[in-house]
Amino acid sequence: VRTGQYPESITLVDNITISGVGADLVILSGSGGNIITGADGCIISGITVGGPHSEGSFGYFSLDAEDISIEKCVFTGTIYGIQGGGYDNLNTVIKNNDFFNFIGAAIFFSSNANPIIKNNIFQENIYAVKLYGNAEYMATIDNNLFFNNDTDLYGEIDFGADNLTDTDPIFDADGIH
């Protein structure tokens, strides 16, 4: 995806890759509802999800997509950043992303989801990671930085290895570096 601001929402089909030239250069903002609706086997990288016109939206949403990879993205200013619905969301890898300014949760999964949440930054969210059901016990949460969130982890969650709390990520003025 080339540099630009895209005020639209997209619904993915199975096994597609959405790769932006950089999260600070490609902004997918939507206008209510789900900005990205997921499907099996998708890869999303190098974009900002949220921003202008995204209030009241959900960043990435899927009821039961499997084998998803979301990396090197920025999620900001929506109700939820990444949300897995009430069914199985198996093998979702969320790594090397920045999540900030969510009034819901930056990441929310329920049911039998087993997300891998690794090497992310969570800053100034109501909930950084919120899990219900078996997702509380099946998630892997390692090497993340949590700063100035109202609640870092919600649910009976194993905090994992090498996570940092209350450490300022020292973002620059635009908030994504």
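The values are calculated or read from the model by the stated rules, or taken from the named source; none is laboratory data. Fair warning: this is a prediction, and the values are worked out from it, not measured in the lab. We place every Cβ from the backbone using ideal geometry, glycine too, and count neighbours over all the protein chains shown. These accessible areas exclude ligands, DNA and RNA; they are computed on the full protein's heavy atoms, side chains included. Shrake-Rupley method; radii C 1.70, N 1.55, O 1.52, S 1.80 Å.
Counted by Cβ distance under 15 Å from Gly160, the other residues give a net charge of -4, where Lys and Arg count +1 and Asp and Glu count -1. Prolate is the label for segment 95-177, because a/c, from the alpha-carbon gyration tensor with a ≥ b ≥ c as root eigenvalues, is 1.5 or above and a/b exceeds b/c. Comparing Ile157, Ile18, Ile94 in a Gaussian network model of the chain (Cα springs below 10 Å), the most mobile by mean-square fluctuation is Ile18. Nonpolar atom fraction for the chain, defined as the carbon and sulfur part of the 1.4 Å probe accessible area, stands at 49 percent. By its C-alpha gyration tensor, with a ≥ b ≥ c as the square roots of the eigenvalues, how is the chain shaped: rounded for a/c under 1.5, else prolate for a/b larger than b/c, else oblate? Since a/c reaches 1.5 but b/c is at least a/b, the shape of the chain is classed as oblate. A protection proxy built from the mean count of other Cβ atoms within 10 Å ranks the segments 38-48, 71-81, 160-170, 138-148, most packed first, as 71-81, 38-48, 138-148, 160-170.
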